[in-house]
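Asker: What follows is a single structure, and I will ask about it in a moment.
The values are calculated or read from the model by the stated rules, or taken from the named source; none is laboratory data. It should be emphasised that the depicted structure is a prediction, and the values quoted were computed from it without experimental measurement. Cβ atoms come from the backbone with ideal geometry, glycine included; neighbour counts cover every protein chain shown. Accessible surface is based on the protein model in full, side chains and every heavy atom, while ligands, DNA and RNA are left aside. Shrake-Rupley method; radii C 1.70, N 1.55, O 1.52, S 1.80 Å.
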Amino acid sequence: MRDILEKNKNIKNLIFDTTGTGYFEAGKAPPETAELNAALEKERALKGVKISTLGEVEMPKADAVFEIQVAGLA
């Protein structure tokens with residue numbers, strides 16, 4: 001799903017948390033819910049997968065950024 005949504009030029013730095021909620025930075029204009037759902041349908045995402053809400057939220061600035069590397073997943 002992430003690969004499909006990142007094709008939209010108005011979505012930058014898309015990440016999902018463990019609950020399935022996604023966060024991104026908007027480009028020139030935030031995308032519309034219908035536009036994102038159409039992209040999911042066109043690219044044949046899993047049946048029944050759709051964007052249910054889309055809204056702007058305030059995010060706290062991070063004090064530190066961490067990187068994690070995972071080995072042995074293949």
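Asker: Go through the range 30-51 and give me each residue that's farther than 16 Å from residue 13 by Cβ, touching a residue at least 12 places away in the same chain (Cβ under 8 Å) and assigned to a loop (DSSP other than H, G, I, E, B).
Answerer: 32, 43, 45, 46, 49, 50, 51
Asker: Specify the residue that is farthest from residue 1 (Cα to Cα); the eligible residues are those in the range 26-46 that are small (Gly, Ala, Ser) and more than 12 Å from the chain's Cα centre (by Cα).
Answerer: 29
Asker: Within the range 13-22, can you find the residues that are closer than 14 Å to residue 36 by Cβ and open to solvent by 70 Å² or more (accessible area, probe 1.4 Å)?
Answerer: The answer is 16, and nothing else.
Asker: With (1) in contact (Cβ under 8 Å) with a residue 24 or more places away in the chain; (2) surrounded by 10 or more Cβ atoms within 10 Å (Cβ to Cβ); (3) of a type outside the set (Asp, Glu); (4) not in a helix (DSSP H, G or I) as the list, and residue 4 as the residue in question, which single condition is left unmet?
Answerer: Of (1) in contact (Cβ under 8 Å) with a residue 24 or more places away in the chain; (2) surrounded by 10 or more Cβ atoms within 10 Å (Cβ to Cβ); (3) of a type outside the set (Asp, Glu); (4) not in a helix (DSSP H, G or I), only one is false for residue 4: (4).
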